[in-house]
Structure formats: C-alpha cells, structure tokens
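Contents: one structure, followed by commentary.
The values are calculated or read from the model by the stated rules, or taken from the named source; none is laboratory data. A quick note: this is a predicted structure, and the numbers were derived from the prediction, not measured. So basically every Cβ, Gly included, is an ideal-geometry build from the backbone, and we count neighbours across all protein chains shown. Please note that ligands, DNA and RNA were not included when accessible areas were found on the heavy atoms of the full protein model with its side chains. Shrake-Rupley method; radii C 1.70, N 1.55, O 1.52, S 1.80 Å.
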Amino acid sequence: MPADRKDKPDKKWPLLLILPAAAFLFSFSVGRFSITIPDLLHTIFYHFADPARIIDPNMETVLFNIRLPRVLVALIIGGGLSIAGASYQGMFKNPMVSPDILGASAGAGFGACVAMLMGMSTVYVQMLSFCGGVIAVALAATATKSFSRDATLGLVLGGIMVSTLFQSGTSAIKLLADADNKLPQITFWLMGSFNTMNNRRLFSILLPMGAGFITLFLMRWHLNVLSFGEEEARSLGIKTRRVRMLVIMASTLITASCVSVCGMVGWVGLVIPHLGRTIAGPDYKRLIPVCVILGSTFLLMVDNVARMAFSVELPIGILTSFIGVPFFFFIFKNNSKAGDRND
C-alpha cells in the first residue's frame with residue numbers, strides 16, 4: 001500500500017494541466033467586452049488561418065492586443081513566483097519562506113519608485129525596478145561573509161537588513177512625491193496590477209524568466225538533496241555553495257522580473273508551494289512542475305476576479321493577501337495540531 005500511494009502523484013498530477021488550459025480560455029471570454037466561447041475559438045482560428053473571415057475586428061483587437069498579453073503575463077508570473085517560493089523553502093529548509101526573503105521585492109519596488117519620482121517612462125521604471133531587485137539580493141548575499149559559519153543564517157539576516165533598508169527608501173520617496181500626481185501612481189503600482197500589460201512588457205520578461213525557470217527545473221534533484229541539510233548534501237557530492245548561488249540567481253531573476261512589470265504580488269510564492277506538496281509530495285521532481293501549474297492558474301483566476309468583481313479594478317496584491325493570510329493561518333493551525341499530537 002505505501003508503494004501504491006507513492007506512485008499515485010506520478011500518475012495523477014499531469015492531469016492538472018487541464019486547470020491552466022481551462023483558466024486560459026475562461027480568461028479570454030470574460031471582461032467588459034464579453035466574448036462567447038464559440039466566437040473566441042472562431043476568432044483565434046481565423047486570426048491565423050484567414051483574418052478576412054473574422055466576424056468582428058474589434059474582438060480580434062481585444063483578444064490579441066489587450067487580453068492575450070495580460071493572460072500570458074499572469075500565467076508566467078504566477079508560475080514563476082510559485083517555483084521561486086518552493087525553491088527557497090527547500091533551500092532554507094523552512095516552509096514559511098517566500099521569494100522576497102532576500103529583498104528582491106523591496107529592491108525592485110524601490111527602483112521603480114525612484115524612476116516614477118523622476119518622471120521616467122514605463123520602460124525605465126521596469127529597468128530600474130529589475131536592477132533594484134538584483135542589487136538588493138546581491139547585497140544580501142554579500143552579507144553572508146560576515147556569517148561564514150552559517151551561510152543560511154547569513155542570507156536570512158542579510159535579506160532582513162536589505163529589505164528594511166530599501167523599504168525605508170521607498171517610504172522616503174513616497175514622502176517626497178507629489179501628492180496630487182506621482183504619489184497615487186507610486187501607491188497603486190506598489191499594490192500590483194496587470195492592467196497595463198502589453199506585448200512589449202510580455203517580451204521584456206521572457207528571457208530572464210525563461211532563464212530562471214530552466215535553471216530551477218534542471219536543479220530539482222539538487223533541491224531534494226539540499227533540503228535534507230548541509231552535511232547530508234555534501235556527503236552525496238553536492239557543492240552546496242554553488243547550488244545555493246544558482247538557486248538564488250534563478251529565483252532573483254524570476255522575482256525581479258515579476259515585480260518590474262506588475263508591482264508587488266504577495267503570498268503566491270508562499271501559499272502555492274504548500275498546495276503543491278499536498279498533491280505532489282515533497283519531491284521537487286514533481287513539486288516544481290505542479291507549482292508552475294497551480295501558481296499560474298491561481299494568479300490568473302485572481303486577476304479575473306480583480307478586473308470583474310467591482311466597477312473599479314482592484315489591485316492584484318490586495319486580493320492575493322486576502323486569500324493568502326487565511327491560508328497562512330490555516331497552515332500554522334495545522335502545524336500546531338500536528339506538533340501536539342506528536343508530543
């Protein structure tokens with residue numbers, strides 16, 4: 001029986017691919033400009049086969065210039081934050097770790113705020129945001145030299161210090177910003193949103209996100225070994241320092257890219273890995289692809305709620321927090337019960 005249970009996730013989890021496919025079609029059909037599924041499929045097919053046979057050109061514009069970039073970015077970011085969170089949780093051996101533990105989100109947010117305060121275009125906002133995230137993590141990693149006896153502790157402490165530093169910088173910028181013009185822009189951006197997605201923003205994150213995805217996917221076995229502990233990993237021939245740096249680099253590319261295009265989107269990288277473990281177990285060979293599937297579906301559906309539930313579009317970060325906080329409480333509650341039973 002135990003062997004059968006262990007084999008079930010291997011056979012069942014690929015069926016989860018139905019979820020993002022269904023969410024993809026559903027997200028195209030809903031919106032202020034409603035589209036039926038038959039019209040949706042008709043427009044998509046003839047967009048590539050024979051554009052002259054498209055019934056409504058406005059529908060084609062809405063689908064391919066507005067909704068397609070937004071849907072794809074939501075899918076990519078949801079999957080990216082989920083595997084970054086899962087990878088960090090394995091590396092730090094802590095299930096409560098999220099992708100912003102090393103300050104990537106704080107640094108990216110500070111970089112974007114600097115660009116908006118100076119009145120730069122959206123291209124420079126995205127560039128400075130990405131650079132800020134990378135610089136923040138580099139500073140946190142440098143702090144580990146002061147804690148050579150415990151690299152993991154050094155990373156955590158470095159991340160806390162760097163995050164606090166950049167968050168203070170962001171607060172200072174909000175204090176200096178024009179209250180009638182720039183401050184609302186900065187505040188709304190920090191709450192996260194997909195309402196400004198376009199093809200340029202989509203293409204701008206494909207390279208760094210792709211590099212991060214591929215790196216973490218190829219390092220699934222190393223993450224399994226690293227989650228057992230430093231000494232166990234070294235005894236199996238794993239160069240823990242190199243693996244740790246590669247995981248940090250890949251997760252930073254993903255997190256900084258996400259924040260640079262849509263602002264702060266919290267809790268996805270913390271919540272989804274726990275859902276993934278209930279389905280695929282702790283094995284990262286299954287957990288990484290399952291997190292990509294669940295994370296992309298989750299964030300896309302949350303974005304649908306954000307743009308459809310009210311007359312004014314809600315920031316995506318607010319909704320992910322409303323969902324993530326109760327789930328976080330649920331995790332702690334279950335862990336406490338499990339600890340009591342073990343005692």
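Can you tell me the FRET efficiency between LEU176 and ALA309 if r is taken as the Cβ-Cβ distance and R0 is 56 Å, rounded to the nearest 0.05? With a Förster radius of 56 Å, E is 0.95. Neighbours of ARG32, meaning other residues whose beta-carbon lies under 13 angstrom from its beta-carbon, give a summed charge of +2 when Lys and Arg score +1 and Asp and Glu score -1. Enclosing the Cα atoms of region 68-165 in their convex hull gives a volume equal to 92 cubic angstrom per residue.
Counting lysine pairs in the chain whose alpha carbons fall under 24 angstrom apart, excluding pairs fewer than 8 residues apart on the same chain, gives 13. Applying 1/(1 + (r/R0)^6) with R0 = 22 Å to the Cβ-Cβ distance of ASN65 and SER29 gives a FRET efficiency near 0.85. Which value, in Å², gives the accessible area per residue of the chain when a 1.4 Å probe is used on the protein heavy atoms? Normalised by residue count, the accessible surface of the chain is 50 Å². Measuring spread by the Cα atoms of the chain yields a radius of gyration and Dmax of 21.1, 71 Å.
Using a probe radius of 1.4 angstrom, the carbon and sulfur fraction of the accessible surface of the chain is 67%. Think of it as helices only: each DSSP H run of n ≥ 4 in the chain is worth -39500 (n - 2.57), and spread over all residues that comes to -25000 deg cm²/dmol at 222 nm. May I ask for log10 I(q)/I(0) of region 36-79 at q = 0.15 Å⁻¹, from a Debye sum over the Cα atoms as equal point scatterers with solvent left out? So the normalised log intensities work out to -0.40. At the listed q of 0.12, 0.13, 0.20, 0.25 Å⁻¹, the Debye profile of region 229-323, built from one uniform point per Cα, gives log10 I(q)/I(0) equal to -0.52, -0.59, -1.10, -1.30.
With loop membership from DSSP and a limit of 16 other Cβ atoms within 10 Å, the longest segment of the chain without chymotrypsin sites (Phe, Trp or Tyr not before Pro) is 34-227. Net charge in the neighbourhood of LEU319 (other residues with Cβ under 14 Å of its Cβ; Lys, Arg +1, Asp, Glu -1) is -1.
Taking a ≥ b ≥ c as the square roots of the eigenvalues of the alpha carbon gyration tensor, region 158-228 is oblate, as a/c is not under 1.5 and a/b does not beat b/c. Separation of region 237-302 and region 33-69, taken as the distance between their Cα centroids, equals 33 angstrom.
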